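The block underneath contains the structure these notes are about, expressed in structure tokens.
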């Protein structure tokens, strides 16, 4: 590595795969955020020279695809994009066979899928690292970038309160788990029927108990913004939920974040959204130029977070030494 100041590079190791935010320990998650910040400030160097990343996308993406592609290039490697139509996960070819073949061709896989079980099956049969680029259950790479953004803006993570307003989706799942792991407070406002699943809340509650933080759930947006350091929202209708759009827009109508709701928050509270934003739905159009918004910082930090993840997972593997070996 030409950038010898990246001391964290050798100070911690990650597991072979990153499918869920809880595949990281508390210490690993903290160090990964710090490592991403170092890479952002100093550059990562060609630590993945000669290595190739396969991007398997059942769902289209702007930020996930571009950030991973550019991250590999800037780290000296190469990314290969494979659309859902090209590979036909589990349809054109068995996932087990695909995982085996790709393990002989490339060094890492990023999979952006509809079903989380697809990512799990890929990881089960691949002898190379598999990274969850988004599934219906979690979005861990997004959350690493979000934590980096919060850390940059607030100078710390411990003790901060994140208020999530909206659907208990994959982003919310990863966010509640990550905040609880790091001793951050998590408050959520969502219509009944759209809350984060009980099993995820239960797991997060256990982490929160260990780290002296709190989790609060309500159906009233006004109850979560007052003490928040970070206000976070996401789309109300995710890809694959188009048939539910009319009902969802009606159910979430009063959960739109607007200037009136933000007026109840602390002046220094920042406003986050993983994008794409549906202006006029989850965020009022009047907020498009709000100084509280850190959307573009979040989007940029996907690149730096992805570089940290790739450097740790790809830098710890040697594909030639694992080919043909059963897991």
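Just for segment 236-260: of the residues that are touching a residue at least 60 places away in the same chain (Cβ under 8 Å) and closer than 17 Å to residue 219 by Cα, which one is surrounded by the fewest Cβ atoms within 10 Å (Cβ to Cβ)?
Restricting attention to segment 236-260, the residues satisfying the condition of being touching a residue at least 60 places away in the same chain (Cβ under 8 Å) are 236, 238-240, 248, 251-252, 255, 257.
Those left that are additionally closer than 17 Å to residue 219 by Cα: 236, 248, 251-252, 255, 257.
Numbers: 236: 24, 248: 20, 251: 17, 252: 21, 255: 21, 257: 24.
Among those residues, the one meeting the criterion is 251.
Would you say residue 108 is over 30 Å from residue 295 (Cβ atoms) and in the same structural domain as residue 47 (by TED's automatic domain parsing)?
no
Which residue is surrounded by the most Cβ atoms within 10 Å (Cβ to Cβ), if the candidates are limited to segment 39-50 and must be outside any loop (DSSP other than H, G, I, E, B) and without any contact (Cβ under 8 Å) to a residue 60 or more places away in the chain? Walk me through it before giving the result.
As a first pass, look at segment 39-50 and keep what is outside any loop (DSSP other than H, G, I, E, B): 39-42.
Okay, now just the ones that are also without any contact (Cβ under 8 Å) to a residue 60 or more places away in the chain, so 41-42.
Working: 41: 10, 42: 12.
The selected residue is 42.
Could you tell me which of the residues 114, 186 is surrounded by fewer than 20 Cβ atoms within 10 Å (Cβ to Cβ) and more than 23 Å from residue 38 (Cα to Cα)?
Matching residue, one of 114, 186: 114.
Somewhere in segment 142-156, is a residue in a loop (DSSP other than H, G, I, E, B) and touching a residue at least 60 places away in the same chain (Cβ under 8 Å)?
no
Report whether or not residue 119 is assigned by TED's automatic domain parsing to the domain that holds residue 58, part of a helix (DSSP H, G or I) and buried (at least 24 other Cβ atoms within 10 Å of the Cβ).
yes
The values are calculated or read from the model by the stated rules, or taken from the named source; none is laboratory data. Everything numeric in this text was worked out from a predicted model, so none of it was measured. FYI the Cβ positions are ideal-geometry reconstructions off the backbone, even for glycines, and counts take in every protein chain you see.
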